[in-house]
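Worksheet: one structure, shown below.
The values are calculated or read from the model by the stated rules, or taken from the named source; none is laboratory data. Just so you know, these numbers come straight off a predicted model, no measurement behind them. In this analysis, Cβ positions are derived from the backbone assuming ideal geometry, glycine residues included, and neighbour counts consider all displayed protein chains. The area values use the complete protein model at the heavy-atom level, side chains included, leaving out ligands, DNA and RNA. Shrake-Rupley method; radii C 1.70, N 1.55, O 1.52, S 1.80 Å.
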Amino acid sequence: MKWEGNRESDNVEDRRSSGGGGGRLPIFGGKLSLGTIAVALVASYFLGINPLTLLGALTGADIGQPVSQSTSTHELTQEEEQMGQFVSTVLADTEDTWKTLFQANGTQYVEPKLVLFSGSTPTACGTGQTATGPFYCPADQKVYIDLSFYELMKERFNVSSNFAQAYVIAHEVGHHVQTLLGISDKVHQAQQKLSDKEGNVLSVKLELQADCFAGVWAYNANQARGILEKGDIDAALHAASAIGDDALQKQAQGYVVPDSFTHGTSAQRSSWFRRGFTEGNMNACNTFAAKKL
């Protein structure tokens, strides 16, 4: 992915140098069991909305206690600085893309904030934790990510390319787009009247649409700025496939439970990202009207 030298976003809040409690994910030395992955990542399915966000949206409650931020600070390493620049550049690219797409539809795109943190951090949706994975909080319209998550992608799922990492951010920004369009509110309101099984079906459609929106971003960003290099789309498809509900459940427990799916299968996630990238427009991403996901 070609990103060096491109515009960086002004909407990044970097809390890493004054980290909260909890530390980073124990990736090495076998400290992170598959059972722990199942608890931590099946809840958010690697790229989904923080379960605290969904619970808070449904109940109107402030889930979780505020985090007491540590007063200690540490100087960011050169690698950490570079990763911050990468994330900021990707966010800026999503801003430029979605601003253009919204204007073409006669509406205004409101840019989200992106928070970099280490360990844990307070959010309007409760306490954000490293183990939750990247998530979007509609209550404050912010994307939250601990960049050690990218280490987990590499070590546990063999996903390490820059574009696959950008896909993570683009998916969460896709949830922001859903919030601006009123889609998320409609889904959460509908889920209150449904069974868990029926509500999960809507969650799957919401997540697959965010994958499709990520593909729409990739297509339009490449058309405007030529950001893609050989192998980038394959890398994103590999990432999408690695984090399907079926793949995660099979890895964690050896079998799958389709009724509990909330993000879609590996094939579905890859398919909807590819559809967004192939079509290049939001109209192609109406998962809620699709006869087959």
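The single condition from (1) surrounded by fewer than 24 Cβ atoms within 10 Å (Cβ to Cβ); (2) part of a strand (DSSP E or B) that LYS205 fails is (2). Look at (1) open to solvent by 10 Å² or more (accessible area, probe 1.4 Å); (2) among the polar types (S, T, N, Q); (3) in contact (Cβ under 8 Å) with a residue 12 or more places away in the chain and you find that GLN178 fails only one, number (1).
Just one of (1) acidic (Asp, Glu); (2) surrounded by fewer than 22 Cβ atoms within 10 Å (Cβ to Cβ); (3) closer than 22 Å to GLY280 by Cα fails for ASP196. It is (3). Looking at the structure I just gave you, is LEU228 in a helix (DSSP H, G or I) and touching a residue at least 60 places away in the same chain (Cβ under 8 Å)? So LEU228 fails the test. Against the definition (part of a loop (DSSP other than H, G, I, E, B) and open to solvent by 10 Å² or more (accessible area, probe 1.4 Å)), how does ASP140 come out, yes or no? The answer is yes for ASP140.
Residues that are surrounded by fewer than 24 Cβ atoms within 10 Å (Cβ to Cβ) and more than 27 Å from GLY182 (Cβ to Cβ) within the stretch 106-117 comprise just one, LEU116.
Can you confirm whether SER160 is free of Cβ contacts under 8 Å to residues at least 60 places away in the same chain, surrounded by fewer than 23 Cβ atoms within 10 Å (Cβ to Cβ), small (Gly, Ala, Ser) and within 13 Å of MET83 (Cβ to Cβ)? Spelling it out, SER160 is indeed free of Cβ contacts under 8 Å to residues at least 60 places away in the same chain, surrounded by fewer than 23 Cβ atoms within 10 Å (Cβ to Cβ), small (Gly, Ala, Ser) and within 13 Å of MET83 (Cβ to Cβ). Note on the stretch 129-150: residues that are free of Cβ contacts under 8 Å to residues at least 40 places away in the same chain and acidic (Asp, Glu) amount to 1. With respect to the conditions (1) more than 30 Å from TRP3 (Cβ to Cβ); (2) touching a Pro at 6+ places or on another chain (Cβ under 9 Å); (3) not β-branched (Val, Ile, Thr), LYS205 falls short on a single one, namely (2).
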